[in-house]
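*Asks:* A single structure is presented below for examination.
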Amino acid sequence: ISAPEAVYFIFGATGDLARRKLFPALYSLYREGKLGERFAIVGLARRPRTNEQFRDDVHESIREFCRYKPGEKDDWNGFVDRFTYMSLDTGNVEAFKQLKAYTEQLEASNDIPGNRLFYLALAPELFGSVSRNLRDGGMLESEGWHRLVIEKPFGYDYPSAENLNEEIRQVFKENEVFRIDHYLGKEMVQNIEVIRFANAFFEPLWNKNHIANIQITLAETVGVEDRGAYYNKSGALRDMVQNHMLQMLTMIAMEPPARLDPESIRDEKVKVIRSVRRYMTAEDVRTQIVRGQYASGSLKGKELKGYREEDHVDPASVTETFFAARLFVENFRWAGVPFYVRTGKRLPVKSTEIVVEFKNVPNHVLFARKQELQPNLLVIRVNPMEGIYFRINAKKPGNDMKIQPVAMEFCQSCQVGINTPEAYERLIFDAARGEGTYFTRWDELAAAWKIIDPIAAAWKEHAIEPALYPAGSWGPEEADRLLEEDGFHWWPVN
Ligand code: BG6
């Protein structure tokens with residue numbers, strides 16, 4: 001299948017996201033025949049650029065970031081000739097009228113029936129005004145569909161997210177809005193549903209009776225890089241937890257949907273987010289959550305600066321670069337099961353893994369007298385390695401009845417290469433087909449902010465500062481204590 005004929009408008013076409021992710025994703029889709037025969041791509045940004053210059057930018061980006069390399073002459077031209085560029089001031093409705101005239105011409109000459117996808121790779125402050133200008137400039141008057149794709153951060157807290165949503169919804173209907181959480185585009189996150197619902201041996205065990213705890217780790221080795229100005233306001237809580245971490249938790253915890261359609265799935269997801277216990281008091285926040293910030297340290301022999309020494313970061317900043325929490329999903333399935341989540345920058349590895357730790361078998365006394373029995377684990381490896389493995393107990397060869405944990409592993413990335421296809425590829429393709437399952441619906445987002453806001457408020461009101469951890473370590477010790485208090489520990493992440 002290929003996407004319907006459409007024009008793709010990339011706002012922010014000279015920016016980093018377009019260069020690193022969007023152009024490469026479009027090219028991969030093209031190479032796989034998923035964009036169909038008739039499509040066009042219009043790059044939009046303020047800076048003046050000729051079509052030729054823009055096409056050079058696209059070439060450069062694909063050479064650097066795409067898993068397909070720009071092909072032979074004909075193939076490449078067949079792709080790059082679809083790109084045109086228009087310099088546009090997003091605040092000026094007259095510019096959108098010109099864009100309309102240009103688009104109509106483009107559609108007529110390419111026989112494209114008026115389907116328009118607007119990808120806003122822009123600061124969220126502009127989402128509202130760009131939506132209005134699209135409407136007032138006549139860009140939504142064509143026959144065919146109109147879809148808006150937007151990136152995070154979606155608001156800074158619940159009230160600002162609600163305002164932003166209202167601005168957008170004055171122009172677009174909910175089913176025309178595709179809010180990207182690129183973690184939902186990752187192969188193994190999408191695979192969670194299949195692993196859970198298509199296997200006889202998981203679903204019966206997937207509850208409080210058999211699962212001791214769940215651990216979700218999203219570790220990064222990078223620091224704040226050149227994003228200090230954004231990150232210092234956002235911190236790990238808003239940058240990672242509000243979206244990626246809660247979305248992964250939701251996929252793990254949701255009930256089986258009535259049908260595999262976007263609304264049924266998202267109906268189940270929102271129920272999970274609404275069931276997450278909210279930490280409303282300073283006491284809750286102090287005991288259930290760990291806030292950390294990297295100090296100077298070293299990783300693989302390289303000396304690293306502390307967060308407060310990074311560019312565009314206030315030297316007295318209390319922004320967290322590490323977050324860990326013990327969360328609870330308060331419903332029948334999960335009552336009492338801790339979900340430990342942690343994410344941080346400048347940790348020792350780049351890795352996202354979900355570990356499901358099962359309760360030990362009841363008759364483990366049989367073995368325990370001689371040796372400690374290790375729990376069974378199911379590990380879902382999300383990123384950058386993709387795969388799953390189980391850890392089960394088996395007999396160690398030999399005469400004495402020794403037990404050893406062994407791993408049974410399915411390494412997906414070993415078979416198909418790392419991250420194939422890329423999250424953005426899947427998501428752009430889905431948006432072009434109007435498939436909303438792996439985009440965040442407004443009610444999910446709203447419920448997520450309601451978990452986040454009280455935490456941020458408690459940190460602020462009670463001056464709860466981050467505990468420092470050396471760059472290159474696994475975060476503050478408090479994160480280990482969170483599990484030790486319950487008799488658990490973090491399983492090592494590969
Ligand atoms: C982004 C965050 O959403 O996700 C970044 O803003 C983070 O801070 C990135 O580095 C991580 O994504 P991935 O796919 O590299 O794990």
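The values are calculated or read from the model by the stated rules, or taken from the named source; none is laboratory data. This one's a predicted model, so the numbers in the text were calculated from it and none came from an experiment. Note that each Cβ is placed from the backbone with ideal geometry, even for glycine, and that neighbours are counted across all protein chains shown. For accessibility, only protein heavy atoms count, side chains too; no ligands or nucleic acids. Shrake-Rupley method; radii C 1.70, N 1.55, O 1.52, S 1.80 Å.
*Asks:* For the chain, what's the relative contact order in percent, using C-alpha pairs closer than 8 Å and at least 6 residues apart?
*Replies:* 17
*Asks:* Loop-only GluC sites (Glu not before Pro) in region 404-494, please: DSSP not H, G, I, E or B, and at most 12 other Cβ atoms within 10 Å.
*Replies:* Sparse-neighbourhood loop GluC sites (Glu not before Pro): E485.
*Asks:* Oh, and also: Mind ranking S87, S264 by accessible surface for me, highest first, 1.4 Å probe?
*Replies:* On the way: S87 60, S264 15 Å².
Listed by decreasing accessible area, they come as S87, S264.
*Asks:* Also, I was wondering about something else. Near the amide H of Y469, under 5 Å away, which other amide H atoms are found, from residues 5 or more places off or on another chain, if H is placed in the peptide plane?
*Replies:* Q293, Y294, A295
*Asks:* Next up: Write out the cysteines belonging to the chain for which the nearest other cysteine Cβ is not under 4.7 Å, or none if no such cysteine exists.
*Replies:* Within the chain, the cysteines lacking a partner Cβ under 4.7 Å are C66.
*Asks:* Let me ask something else about it. What's the FRET efficiency of S264 with Q53 using the Cβ-Cβ distance as r and R₀ = 41 Å, to the nearest 0.05?
*Replies:* On the way: r = 46 Å, r/R0 = 1.13.
Once rounded, the FRET efficiency stands at 0.35.
*Asks:* From the phi of every residue in region 163-175, what ³J(HN,Hα) in whole Hz does the Karplus formula 6.51 cos²θ - 1.76 cosθ + 1.60 yield, where θ is phi - 60° and glycine or proline is x?
*Replies:* In residue order, the calculated couplings are 4, 4, 5, 4, 4, 5, 6, 5, 10, 10, 7, 3, 7 Hz.
*Asks:* Continuing with this model, one more query. Given a 1.4 Å probe and the protein chains all in place, what does the accessible area of R135 round to, in Å² to the nearest 10?
*Replies:* Per-residue accessible area (R135): approximately 90 Å².
*Asks:* Quick one: 3J(HN,Hα) in Hz for region 430-442, Karplus 6.51/-1.76/1.60 with θ = phi - 60°, rounded, Gly and Pro as x.
*Replies:* Result, ordered by residue: 4, 4, 5, 9, x, 9, x, 3, 9, 10, 8, 7, 4 Hz.
*Asks:* If the cut-off is a Cα-Cα distance under 17 Å, which lysines reach K305, setting aside same-chain residues fewer than 8 apart in sequence?
*Replies:* Straight-line reach from K305, under 17 Å: K345.
*Asks:* Please arrange E166, E151 by accessible surface area, largest first, computed with a 1.4 Å probe and ligands excluded. Please list the in-between numbers first.
*Replies:* Working: E166 100, E151 25 Å².
My answer, sorted largest first, is E166, E151.
*Asks:* From the square roots a ≥ b ≥ c of the eigenvalues of the alpha-carbon gyration tensor of region 48-198, which class results: rounded (a/c under 1.5), prolate (a/b over b/c), or oblate? Walk me through the numbers before you get to the answer.
*Replies:* On the way: a/c = 1.71, a/b = 1.07, b/c = 1.60.
Oblate.
*Asks:* For the pair C414/V349, report the inter-label distance in nm, with labels modelled 7 Å from Cα in the Cβ direction.
*Replies:* Between C414 and V349, the simple spin-label model gives 1.5 nm.
*Asks:* On to the next question. Counting only protein heavy atoms, what percent of the accessible surface of the chain is carbon or sulfur at a 1.4 Å probe? Before the final figure, lay out each step's value.
*Replies:* On the way: 10840 of 21420 Å².
Summing carbon and sulfur atoms, their accessible area is 51 percent of the total for the chain.
*Asks:* Once you order the gyration tensor axes a ≥ b ≥ c over the Cα atoms, which shape class does region 232-371 get: rounded for a/c under 1.5, otherwise prolate or oblate by comparing a/b with b/c? Provide the component values of the computation, followed by the final result.
*Replies:* On the way: a/c = 2.06, a/b = 1.38, b/c = 1.50.
Oblate is the answer for region 232-371, as a/c is 1.5 or above yet b/c matches or exceeds a/b.
*Asks:* Using 0.36 nm per residue of separation minus the Cα-Cα distance, give me the extension gain between A394 and N209 in nm, one decimal. Working shown, then result.
*Replies:* Details: separation 185, 0.36 × 185 = 66.60 nm, distance 2.29 nm.
Gain on stretching A394 to N209: 64.3 nm.
*Asks:* Here is a follow-up. If the chain between R20 and F328 were fully stretched, how many nm would it gain, using 0.36 nm times the residue separation less the Cα-Cα distance?
*Replies:* Details: separation 308, 0.36 × 308 = 110.88 nm, distance 3.63 nm.
Extra length from R20 to F328 when fully extended: 107.3 nm.
*Asks:* For labels at D311 and K402 in the simple 7 Å Cα→Cβ model, what's the distance in nm?
*Replies:* 5.4
*Asks:* Considering only protein heavy atoms, what is the solvent-accessible area of V379 at a probe of 1.4 Å, reported in Å² to the nearest 10?
*Replies:* V379 exposes around 0 Å² with every protein chain in place.
*Asks:* Relative contact order (percent) for region 164-299, with alpha-carbon contacts under 8 angstrom and 6 or more residues of separation?
*Replies:* Working: 50 pairs, mean separation 29.0, N = 136.
For region 164-299, the relative contact order is 21 percent.
*Asks:* Gain in length, E174 to A457, computed as 0.36 nm per residue apart minus the alpha-carbon separation, to one decimal in nm? It would help to have the intermediate numbers written out before the result.
*Replies:* Working: separation 283, 0.36 × 283 = 101.88 nm, distance 2.93 nm.
Value of the extension gain: 99.0 nm.
*Asks:* Right, next: Please give the calculated 222 nm ellipticity per residue for the chain, where each DSSP H segment of at least 4 residues contributes -39500 (n - 2.57) and the sum is spread over every residue; nearest 500 deg cm²/dmol?
*Replies:* Estimated from H runs of four or more residues: -10000 deg cm²/dmol.
*Asks:* To the nearest 0.05, how large is the calculated FRET efficiency for A335 and Q371 if R₀ is 45 Å and r is the Cβ-Cβ distance?
*Replies:* Details: r = 32 Å, r/R0 = 0.71.
After rounding, the FRET efficiency stands at 0.90.
*Asks:* If you rank I265, I388 by how much accessible surface each has, with a 1.4 Å probe, what is the order from largest down?
*Replies:* I get I388, I265, largest accessible area first.
*Asks:* Restricting attention to region 215-319, which GluC sites (Glu not before Pro) occupy a DSSP loop and are surrounded by at most 13 other Cβ atoms within 10 Å?
*Replies:* Answer in residue order: E225.
*Asks:* Which is farthest toward the positive dipole end of region 251-306 among S264, S275, T287, measuring Cα position about the Cα centre, with Cβ charges +1 (Lys, Arg) and -1 (Asp, Glu)?
*Replies:* Of the listed residues, the answer is T287.
*Asks:* Taking a probe of 1.4 Å, how large is the accessible area per residue of the chain, in Å²?
*Replies:* Details: 21420 Å² over 494 residues.
On a per-residue basis, 43 Å².
*Asks:* Once you sort the root eigenvalues of the Cα gyration tensor of region 281-334 as a ≥ b ≥ c, which label holds: rounded (a/c under 1.5), prolate (a/b larger than b/c) or oblate (the other case)?
*Replies:* Values: a/c = 3.78, a/b = 2.09, b/c = 1.81.
The shape class here is prolate.
*Asks:* Still on this structure, please answer the following. Kindly write out, for region 375-383 in residue order, the coupling ³J(HN,Hα) from the Karplus curve 6.51 cos²θ - 1.76 cosθ + 1.60 (θ = phi - 60°), rounded to whole Hz, with x marking Gly and Pro.
*Replies:* So the Karplus estimates, Gly and Pro as x, are x, 6, 10, 10, 10, 9, 9, 8, 6 Hz.
*Asks:* For the chain, what are the per-bin percents of Cα-Cα distances with bins 20 Å wide, up to the bin holding the maximum?
*Replies:* Answer for the chain: a P(r) of 21, 53, 23, 2, 0 percent.
*Asks:* Something else: At most 16 other Cβ atoms within 10 Å and a DSSP loop assignment: could you name the chymotrypsin sites (Phe, Trp or Tyr not before Pro) in region 42-85 that fit?
*Replies:* Working: sites: F54, F65, Y68, W76, F79, F83, Y85; in loops: Y68.
Here the sparse-neighbourhood loop sites are Y68.
*Asks:* Okay, next question. Take every DSSP beta bridge with both residues inside the chain and express the antiparallel ones as a percent of the total, to the nearest 5. Could you put the intermediate results ahead of the total?
*Replies:* Numbers: 43 of 77 bridges.
If we restrict to bridges inside the chain, about 55 percent are antiparallel.
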